[in-house]
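Heads up, the thing below is written out as structure tokens.
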Amino acid sequence: MFRPLKILIVTKCPPTRRCSAFVSRMRYVNRLKEDDEACAAALQNAHIFLFHRLSPLLQQTEHRTLRPTALVCSDVQSVLERLGSDRTLLKESVLIGCSEENQAQFCLDVGDLDQAAVEEVCEGKFIDLRKSFFLLTGPEAPLVAKGQALLRWHQTSGFCSTTGQPTHRNQAGSQRVCSSSGIIYYPKMSPVVIVLVSDGKRCLLGRQSSFPRGLYSALAGFCDMGETLEETLRREVAEEVGLEVHSISYSSSQHWPFPHSSFMMAFHASVSPAHTQLNVDHAELEDARWFSLEEITSALKVKTPPRRGDPAVVWLPPKHAIGNHLITEWADRQRCREEGE
């Protein structure tokens, strides 16, 4: 999920103190990335999340919510055997993390198998990630997003961009190496700035034509080569809505799987109340408008996207999306400001 920026004062721990649980997990995951044998052994007792052509397998819980299906190695082997696939497909599993109980977590794409057959055997359904993101809650959405991003990277990185020769992955799937030159490739993300602009009383949201009906979010754009984050932010706001911003402040960051794995860095920015007239570039945005605190509060209460035929309503990105975090952060600050006046 998003990572708020924090400044820590670091002191040395006594040599007899054990590593924290977090440090222990991170070192364990790092060892699996570096040691193929240890990674292969961990896979035998790991949780494995299945994908079918990059769509995650989800199951309905007793509370009628959805969550990704976590299978153990023997379960996946049984599925592969039952559907006539080679058990060696398991070796294509990619390491995505480690649970708090130190159980390794992997993902595997079974796109060559019949989708309906896998769904029937596993009692779940493969759902497109864009739709999944609005249905999942808690830490599960970022885990699924990471899995899809890594699987996509492997599917599109089979050849070296320098030599044209095949690349080969390590057991964890954390890197690929050119078979000819030895060049090592690591998964990459594209840097993106997302910014919530305010005039002191209202915040500015926009929507692209590709967005679902009624969805609005903060403005965002990719960083150009050679730009700083601040330069990207100012350029994007100027291009999309014709405003010049100031008083930029950093909020948080988040991996975002769309369109092909982005690294979102979130900011708040202000414009002068005297210069709020929008000049929307409709090649970039379908619409952009100012929203009051009352309108934002109402939109935040919309928990699920409206269905076809429902009355038109403004709604916002899912709770675990950084756009929602920015909007919620602004609304909380605005309420405190108005209560203090």
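Quick notes
- The residues of region 125-160 that are of a type in the set (Phe, Trp, Tyr) and not in a loop (DSSP other than H, G, I, E, B), listed by number, are Phe126, Trp153, Phe159.
- Residue, nearest to Thr328 (Cα to Cα), within region 1-52, restricted to residues that are at pLDDT below 65 and touching a helix residue (DSSP H, G or I) at 6+ places or on another chain (Cβ under 6 Å): Phe2
- With respect to the conditions (1) within 30 Å of Glu140 (Cβ to Cβ); (2) outside any loop (DSSP other than H, G, I, E, B), Pro212 lacks only one, and its number is (2).
- Selected residue (only one of Gly206, Gly221, Gly200, Gly226 is surrounded by fewer than 20 Cβ atoms within 10 Å (Cβ to Cβ) and under 25 Å from Ser132 (Cα atoms)): Gly221
- Residues in region 166-184 that are surrounded by 14 or more Cβ atoms within 10 Å (Cβ to Cβ) and touching a Phe, Trp or Tyr at 6+ places or on another chain (Cβ under 7 Å) were compared, and the one that is farthest from Leu32 (Cα to Cα) is Thr167.
- Test: residue in region 198-213 that is among the hydrophobic types (A, V, I, L, M, F, W, C) and more than 30 Å from Ser249 (Cα to Cα): no
- Qualifying residue in region 194-202 (condition: in the same structural domain as Pro305 (by TED's automatic domain parsing), modelled with pLDDT of 95 or more, under 19 Å from Glu284 (Cβ atoms) and of a type in the set (Gly, Ala, Ser)): no
Residue by residue, here is whether (1) more than 28 Å from Gly147 (Cα to Cα); (2) modelled with pLDDT of 95 or more; (3) not acidic (Asp, Glu) holds:
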site	(1), (2), (3)
Glu227	yes, yes, no
Ala238	yes, yes, yes
Ile248	yes, yes, yes
His260	no, no, yes
Arg308	yes, no, yes
Val313	yes, no, yes
Cys336	yes, no, yes
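- Scan of region 301-317 for residues that are crowded, with 16+ Cβ neighbours inside 10 Å and within 16 Å of Thr137 (Cα to Cα), ordered by number: Pro305, Leu316, Pro317
- Restricting region 23-64 to residues that are under 14 Å from Lys91 (Cα atoms) and touching a Pro at 6+ places or on another chain (Cβ under 9 Å) leaves a set whose member that is surrounded by the most Cβ atoms within 10 Å (Cβ to Cβ) is Leu50.
- All strands (runs of 3 or more DSSP E) inside region 38-96 with 2 or more residues being touching a residue at least 12 places away in the same chain (Cβ under 8 Å) and polar (S, T, N, Q): 55-60
- The criterion of at least 3 residues that are of a type outside the set (Asp, Glu) and touching a helix residue (DSSP H, G or I) at 6+ places or on another chain (Cβ under 7 Å) is met by the following strands (runs of 3 or more DSSP E) wholly inside region 243-326: 246-256, 262-270.
The values are calculated or read from the model by the stated rules, or taken from the named source; none is laboratory data. Because the structure is a prediction, the values reported are computed rather than measured. Note that we place each Cβ from the backbone using ideal geometry, even for glycine, and neighbour counts take in every protein chain shown.
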